[in-house]
1. If PRO35 passes every condition in (1) over 28 Å from ALA161 (Cα atoms); (2) of a type outside the set (A, V, I, L, M, F, W, C); (3) part of a loop (DSSP other than H, G, I, E, B) but one, which one does it miss?
2. Quickly run through region 82-97 and pick out the residues that are without any contact (Cβ under 8 Å) to a residue 24 or more places away in the chain and of a type outside the set (D, E, K, R).
3. Tell me, which residue of region 84-121 that is assigned to a helix (DSSP H, G or I) and touching an Asp or Glu at 6+ places or on another chain (Cβ under 8 Å) is nearest to TRP61 (Cα to Cα)?
4. Take the residues in region 82-116 that are β-branched (Val, Ile, Thr) and buried (at least 17 other Cβ atoms within 10 Å of the Cβ), then tell me which one is nearest to GLU46 (Cα to Cα).
5. Quick check: is even one residue across region 20-37 at positive phi and touching a helix residue (DSSP H, G or I) at 6+ places or on another chain (Cβ under 7 Å)?
6. Which residues, counting only those in region 47-66, are in a helix (DSSP H, G or I), touching a helix residue (DSSP H, G or I) at 6+ places or on another chain (Cβ under 9 Å) and loosely packed, with under 12 Cβ neighbours inside 10 Å?
7. Could you list, in sequence order, all residues of region 72-81 that are free of Cβ contacts under 8 Å to residues at least 60 places away in the same chain and buried (at least 20 other Cβ atoms within 10 Å of the Cβ)?
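The values are calculated or read from the model by the stated rules, or taken from the named source; none is laboratory data. Just so you know, these numbers come straight off a predicted model, no measurement behind them. Positions of Cβ are backbone-derived with ideal geometry, glycine not excepted, and every protein chain shown enters the neighbour counts.
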Amino acid sequence: MKININLKQFKINRVIKYFVIVDLVFLSGWGLLGPIFSIFVLERVEGATLLTVGAVASFYWIVRAMVEFPVALYIDKKEGEKDDFYVLLLGLMLAGFSAISFLLVKTVASLFLVQFIQAIAFSLYTPAWSAIFSRHLDKKRTAFDWSLDHTAIGLSFGVSAFIGGALTNFFGFESVFIIASIMSFASAFLLFSVPGLILPRAITKKPLLMDHTPVSINK
């Protein structure tokens, strides 16, 4: 039996490739927090309990859900990708700031504040990333492009979860938050390598698919 493999089916356009890399770097950094976040809250936040862990997770998702919807509406009302690009960039910068801010968390109140900033960051990042990504999907290959991104994220979470636990075990919580912050800022700088997205031209083409699976980052 002869099996023919057409390598062309695995080719993707450059914008999709860069955006998968941006997503991979960004979410891999936050994936480091997955196995250690609850332990961090219980050990480092004064007066924190398991109830606190649940409350802060609930607070994060509620804020994110409430903010993400109007952000998406704002992006849809503006033609072109310039606004999408700046919203995405702002989201990544805020995420980097929120990650490093965990180093200053000592009280329950400060924990909620940092989680609020993180929720705003992801509320900006998710719809903006999805809007640009979906406009540049390869024709007749939308499922492949999306699955490529989701597969890359899934594999990276599997690796980063282990690395996050190992880093915390040997170097403490600080190392994980610093790396997550660095990777968030690195993702922002990567955007300037994406072809045609530095002061991008107006694009009136509507997205083919507006979906970016809301992965649970640190809960």
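1. (1)
2. TYR86 - this is the single residue of region 82-97 that is without any contact (Cβ under 8 Å) to a residue 24 or more places away in the chain and of a type outside the set (D, E, K, R).
3. VAL108
4. VAL108
5. Looking for residues that are at positive phi and touching a helix residue (DSSP H, G or I) at 6+ places or on another chain (Cβ under 7 Å), one finds none in region 20-37, hence no.
6. LEU50, ILE62, MET66, listed by residue number.
7. Passing the criteria: only ILE75.
Residue by residue, here is whether (1) over 19 Å from GLY96 (Cα atoms); (2) modelled with pLDDT of 75 or more; (3) in contact with a Leu (Cβ under 9 Å, 6 or more places away or on another chain) holds:
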site	(1), (2), (3)
PHE116	no, yes, no
ALA121	no, yes, yes
LYS140	yes, yes, no
GLY158	yes, yes, no
PRO200	yes, no, no
HIS212	yes, no, no
